[in-house]
Amino acid sequence: MIDLRLLAVTFLTLPLSLPALADAQKADQDSRDSGMAQEATTKEAKEPEHAEETASSNDDEDTDETAAKKAEEQKPRHVRAMVITTFGPERKVWAEKLAPTQDIEVPGLHGSFGSVSCNDDDVCLMTTGKGYANAATSISTLAFSPKFDLSDSWFLVSGVASIDPRQGTLGTPTWPRYLVDFGIQWELDARDIPEGWTTGYLSINTHTPTQDPHQEYGTEFYHLDDALVDRAVKLSEGVELADSDGAAAYRKHYDYAPANEAPTVVQCDSVSSDTWWYGNRLADRAGQLGKQVAGDKASICTGQQEDNAILTALKRADEAGRLQRERTVVVRAGASFNRPYEGLSDADGLIGYAKQGGYTPALTNMVRAGYPLIEAIVNDWDDWQKGVPEKTDQEPSSPDKADASEQGAASEGDASQKRDAPASDDEDEASS
């Protein structure tokens, strides 16, 4: 039986409980909505953070790649062989032969030759500028530059020079064993020399031109590595050498060999001096000085303006652990005679040196004679890296057919014109 009193109470309280129930349900729904919103907000907040992390990761990868690339660019350029020239035309013929693919700017080099050019075989080419000051400064700049690894490099100094007609001829490439500094001397004007003296030159702190000198400077002469010189001579003996009609015609003025013969490869020595000299008496003094400082084995045949300065700078760099000075060899080609023919005055011979016809073949032949050594170093690097390798039966001996472009490196007409006008750093003739 239904309790009428309980039923009545239920009907009376129901209107009051329904709003409360609705409020409770609404509060519960609001709580759930708030939780979902907070979760969404948290998720949104995390997504940008994740995006930033991803972007940061990509940036780090880019930074690492950039740093690696920069480190590679700053890594010293390894050099197997460095060809050293002294002015523009010498550089030009070597650049045509080596075909460099990279130019490396080096602050402190000569203003006209501010970069070192390298090819894919790790052979590089640099130019010092003419004379002692330019040569020593440029080589020191190169040797101490952090841009190059020269620790096992070979150095080939290549240039033109004056040549003694008694030992070579126009166009002759020469390989010196001794480099003698002709500038380290006392000098009297020739008009004031004592009776019985044959020259106004004598070595420092001596009393006569015939007295043997004291080695006070430490740069009076350099003896190049015999094995290296011998190998360079051997490698170049079979090359085909260039000549010119002008040189052939000029040689006819001389009635003795080898002056009146075609050029061949010769091993003979060289003197360096900023002063460009000419004549029988000075050529005689050069030969005399060579034997006084370097011994009877020295046989002076060429004159130039840079080699002792270059060797001194290389020696200093060697002492500092930057390179190995004994890995240096020199090829100098005769562009003009330093003695006149019978009937020609010394003055006319000096002033007219550019008309002798030897400049163009000298430029060509210094490359033809020097390149086989460079080629051997590149092709047999595993052996050359350790030092001058033992001679092998497979050593190349076929003539080197130089490019036709070498023949046109410079013209005698240009040489004559330049002699009448001040020489630029890019254009010059034979160095005496």
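The values are calculated or read from the model by the stated rules, or taken from the named source; none is laboratory data. Given the structure is predicted, the values throughout are model-derived calculations rather than measurements. Don't worry about glycine lacking a Cβ; one is built from the backbone with ideal geometry, like all the others, and counts go over all protein chains shown. We work out accessible area using only protein heavy atoms, side chains counted, and drop any ligands, DNA or RNA first. Shrake-Rupley method; radii C 1.70, N 1.55, O 1.52, S 1.80 Å.
I'm trying to understand the selection: among the residues of region 126-175, which are under 21 Å from GLY290 (Cβ atoms) and more than 20 Å from the chain's Cα centre (by Cα)?
Listed by number, the residues that qualify are SER162, ILE163, ASP164, PRO165, ARG166, GLN167, GLY168, THR169, THR172, PRO173, THR174.
Answer with yes or no whether TYR222 is more than 19 Å from SER299 (Cα to Cα) and either surrounded by 15 or more Cβ atoms within 10 Å (Cβ to Cβ) or among the aromatic types (Phe, Trp, Tyr) (or both).
No; evaluated as a whole, the condition is false for this residue.
Starting from region 180-205, keep only residues that are under 13 Å from GLN292 (Cβ atoms) and touching a residue at least 40 places away in the same chain (Cβ under 8 Å), then list their pairs with residues that are assigned to a loop (DSSP other than H, G, I, E, B) and aromatic (Phe, Trp, Tyr) whose Cβ atoms are within a distance under 8 Å, requiring at least 6 positions of separation or different chains.
Cβ pairs passing all conditions: ASP181/TYR217; PHE182/TRP277.
Scan region 317-336 for residues that are in contact with a Leu (Cβ under 8 Å, 6 or more places away or on another chain) and not in a strand (DSSP E or B) and jot them down.
Across region 317-336, the qualifying residues are ALA317, ARG322, LEU323, ARG325, GLU326, ARG327.
Just to check your reading of the model, which residue among GLY321, GLY279, GLY295, GLY287 is open to solvent by 60 Å² or more (accessible area, probe 1.4 Å) and either within 27 Å of the chain's Cα centre (by Cα) or small (Gly, Ala, Ser) (or both)?
Just a single option satisfies the conditions, and that option is GLY321.
TYR132 fails exactly one of the following numbered conditions: (1) farther than 15 Å from ARG332 by Cα; (2) in contact with a strand residue (DSSP E or B) (Cβ under 7 Å, 6 or more places away or on another chain); (3) of a type in the set (Phe, Trp, Tyr). What is the number of that condition?
(2)
Please specify each residue of region 329-358 satisfying the condition of being under 22 Å from VAL388 (Cα atoms) and either in contact with a Lys or Arg (Cβ under 9 Å, 6 or more places away or on another chain) or of a type in the set (Gly, Ala, Ser) (or both).
VAL329, the sole residue that qualifies.
Can we say GLY238 is assigned to a helix (DSSP H, G or I) and surrounded by fewer than 21 Cβ atoms within 10 Å (Cβ to Cβ)?
So GLY238 fails the test.
When only residues in region 185-197 that are under 22 Å from SER272 (Cβ atoms) and modelled with pLDDT of 90 or more count, which is surrounded by the most Cβ atoms within 10 Å (Cβ to Cβ)?
GLN185
If you check TYR222, TYR217, which single one turns out to be over 20 Å from THR174 (Cα atoms), of a type in the set (Phe, Trp, Tyr) and either modelled with pLDDT of 95 or more or in a loop (DSSP other than H, G, I, E, B) (or both)?
Checking each option against the conditions leaves just TYR217.
Could you please let me know if ALA333 is surrounded by 21 or more Cβ atoms within 10 Å (Cβ to Cβ), closer than 22 Å to SER203 by Cβ and aliphatic (A, V, I, L, M)?
no
Return a yes/no flag: does region 201-219 have any residue that is out of contact with any His (no Cβ under 7 Å at 6 or more places or on another chain), open to solvent by less than 20 Å² (accessible area, probe 1.4 Å) and among the aromatic types (Phe, Trp, Tyr).
Checked region 201-219: no residue is out of contact with any His (no Cβ under 7 Å at 6 or more places or on another chain), open to solvent by less than 20 Å² (accessible area, probe 1.4 Å) and among the aromatic types (Phe, Trp, Tyr).
For THR141, which of the numbered conditions (1) under 16 Å from ARG316 (Cβ atoms); (2) polar (S, T, N, Q); (3) touching a residue at least 40 places away in the same chain (Cβ under 8 Å) fails to hold?
Of the numbered conditions (1) under 16 Å from ARG316 (Cβ atoms); (2) polar (S, T, N, Q); (3) touching a residue at least 40 places away in the same chain (Cβ under 8 Å), the odd one out for THR141 is (3).
If the requirement is being hydroxyl-bearing (Ser, Thr, Tyr), surrounded by fewer than 16 Cβ atoms within 10 Å (Cβ to Cβ) and in contact (Cβ under 8 Å) with a residue 12 or more places away in the chain, which of these qualifies: THR169, THR101?
THR101 is the lone residue from the list that is hydroxyl-bearing (Ser, Thr, Tyr), surrounded by fewer than 16 Cβ atoms within 10 Å (Cβ to Cβ) and in contact (Cβ under 8 Å) with a residue 12 or more places away in the chain.
Against the definition (of a type in the set (Asp, Glu), farther than 21 Å from SER236 by Cβ, at pLDDT 95 or above and outside any strand (DSSP E or B)), how does ASP296 come out, yes or no?
So ASP296 does not fit the description; no.
If you take the residues of region 337-352 that are outside any loop (DSSP other than H, G, I, E, B) and open to solvent by 10 Å² or more (accessible area, probe 1.4 Å), which of them is farthest from LEU170 (Cα to Cα)?
Residue satisfying both the conditions and the ranking: ALA347.
Do you know which residues across region 172-181 are open to solvent by less than 10 Å² (accessible area, probe 1.4 Å) and more than 17 Å from GLY246 (Cα to Cα)?
Correct list: PRO173, THR174, TRP175, PRO176, LEU179, VAL180.
Only one residue in GLN324, GLN356, GLN292 is among the polar types (S, T, N, Q) and within 21 Å of ILE184 (Cβ to Cβ). Which one?
GLN292
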